[in-house]
Amino acid sequence: MMVQRRAVSAVLAAAALLVTAGCSSGDGGPPGTAGTTKPGGTGTRSPSQAAEQAPPAKGTVKVVRTVTEGLDSPWGLAPLPEGGLLVSSRDEGTITRVDERTGKKTELGEVPGVSAAGEGGLLGIALSPDYASDHMVYAYFTSASDNRIVRMLYDAKKPAGEQLGAPDTVFKGIPKGMIHNGGRIAFGPDRMLYAGTGESGDRGLSQDRGSLGGKILRLTPEGEPAPGNPFPDSPVFSYGHRNVQGLAWDDHQRLFASEFGQNTWDELNAIKPGGDYGWPRAEGRSDDSGFVNPIAQWHTEEASPSGIAYAEGSIWMAGLRGQRLWRIPLKGTEASAAPQEFLAGDYGRLRTVVSAGGDKLWLVTSETDGRGSPQGGDDRVLELRVS
């Protein structure tokens, strides 16, 4: 095991539990949602949710191996169906393929138009739902004028550095800033494109449903508002967010998202279509019935969450400032036990966690992002076995 970088107290955060509605996609809402109760309502659990089995209250994490080292400001990760991992570099604006067996790195190319500054740059990446036939890679990045989503053809037969086609802009106009650019993108079980955005430091954008800042967006692969969205002709799926950094679905196609708090509470939320998650009027749990409360919350020094993944009945959440991996066991859309921390301080800041199938996860460190203390080998991709 690596020498622990710094003393980090192993303080378990108090689980902030909310009885949120937990319906599968067959219960009337768009697939990939956490239910269909009215925004802010607590609802009641469906019979199918009540019958769900929670995982054990305590789990385990084993670092199986270091997959690769020497990555520069890694941010997004997308496993390829043919083998290999695509990793985006926030500051370099490049996408690199990592051979998950040997750790060899091959640069696909640089994404044109990336303007990296502060927390902005080349952020999340995702594969087209038709990747097997179209070989399209989607990317969320900060340009000179906004945050936007593009797609590019990936051709592995071309020479290294020339494997990315010209970017086709799918969606643009997301507010940009030195902070709070959001950036996580993922295709849901419904084959729609979800994007987590930030309010770019302008708090008022989060409650403005006419703004794209501080939202979760739901789009078609072509960038149009997805059918079934809660607001007519709008890409907005949920609002009242500060800075959404993680998106993941459970086995019942329910969407969860992680979110940076300001000074007090970071959040893990179960996402409802049309839900108002409170920022800036609420940070963490609130007594206001108009807001959807988080299913768990942490003090910011214990989390500052980025990517999340679902595996073995739990959400796994990477912490930047908190420098640890959190396990949140689920029963429906509730936390079934107190969150549990792992790897506290062992690998520094943790940026992205992605399911590798079954009980395996890919975990990306983030010591070279300007806020860490990089040491030899940083940054790296780790393979984990979890329970």
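The values are calculated or read from the model by the stated rules, or taken from the named source; none is laboratory data. Keep in mind it's a predicted model, so treat the numbers as computed, not measured. Cβ placement follows ideal geometry from the backbone for every residue including glycine, while neighbour counts extend to all protein chains displayed. When the accessible area is computed, the model is the full protein with side chains, heavy atoms only, and any ligands, DNA or RNA have been set aside. Shrake-Rupley method; radii C 1.70, N 1.55, O 1.52, S 1.80 Å.
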Open item on the list: Spelling out what I want: for every residue of region 130-137, take phi, set θ = phi - 60°, compute 6.51 cos²θ - 1.76 cosθ + 1.60 (Karplus), and round to whole Hz; glycine and proline get x.
Closed with: 10, 4, 4, 10, 9, 6, 9, 10
Task: Amide hydrogen neighbours beyond the local backbone of A226, cut-off 5 Å, H modeled - done: R218, L219, T220
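With contacts defined as alpha carbon pairs under 8 Å and 6 or more residues apart, what's the relative contact order of the chain in percent?
Taking the mean separation of contacting Cα pairs over the length of the chain, I get 19 percent.
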Open item on the list: Rounded to whole Å, give me the distance from the Cα center of region 319-350 to that of region 88-164.
Closed with: 28 Å
TODO: Write down the percent of antiparallel bridges among all DSSP beta bridges whose residues are both part of region 309-387, to the nearest 5.
DONE: 100 percent
Task: Area accessible to solvent at M178, 1.4 Å probe radius, in Å² - done: 120 Å²
Task: Cβ-derived FRET efficiency at R0 25 Å, Q262 paired with Q53, nearest 0.05 - done: 0.10
Task: Point-charge dipole on Cβ atoms (K/R +1, D/E -1) for the chain, about Cα centre, debye to 20 - done: 520 debye
Open item on the list: I need the phi-derived Karplus couplings for region 85-98: 6.51 cos²θ - 1.76 cosθ + 1.60, θ = phi - 60°, integer Hz, Gly and Pro marked x.
Closed with: 10, 8, 10, 8, 9, 4, 7, 7, x, 10, 10, 10, 8, 10
Task: 3J(HN,Hα) from dihedral phi, region 165-176, Karplus parametrisation 6.51/-1.76/1.60, rounded to Hz, x for glycine, proline - done: x, 4, x, 9, 6, 8, 7, 9, x, 6, x, 10
TODO: For L350, list long-range residues whose amide hydrogen, built 1.01 Å from N in the peptide plane, is under 5 Å from its own amide hydrogen.
DONE: G319, L320, Q323, R324, S366
- [ ] Loop only per DSSP, at most 13 neighbouring Cβ atoms within 10 Å: give me the trypsin sites (Lys or Arg not before Pro) in region 308-387, ordered by residue number.
- [x] R371
TODO: Run the accessible area of the chain with a 1.4 Å probe and give the carbon-and-sulfur part as a rounded percent.
DONE: 48 percent
- [ ] List every residue whose amide H lies under 5 Å from the amide H of E119, counting only residues 5 or more places away in sequence or on a different chain, with H placed 1.01 Å from N in the peptide plane.
- [x] I179
Open item on the list: Within the chain, how many Lys pairs that are eight or more residues apart, or on different chains, come under 23 Å at the alpha-carbon?
Closed with: 18
Open item on the list: Mean-square fluctuation check for the chain, GNM, Cα pairs under 10 Å: which of G345, G76, G261 is largest?
Closed with: G345
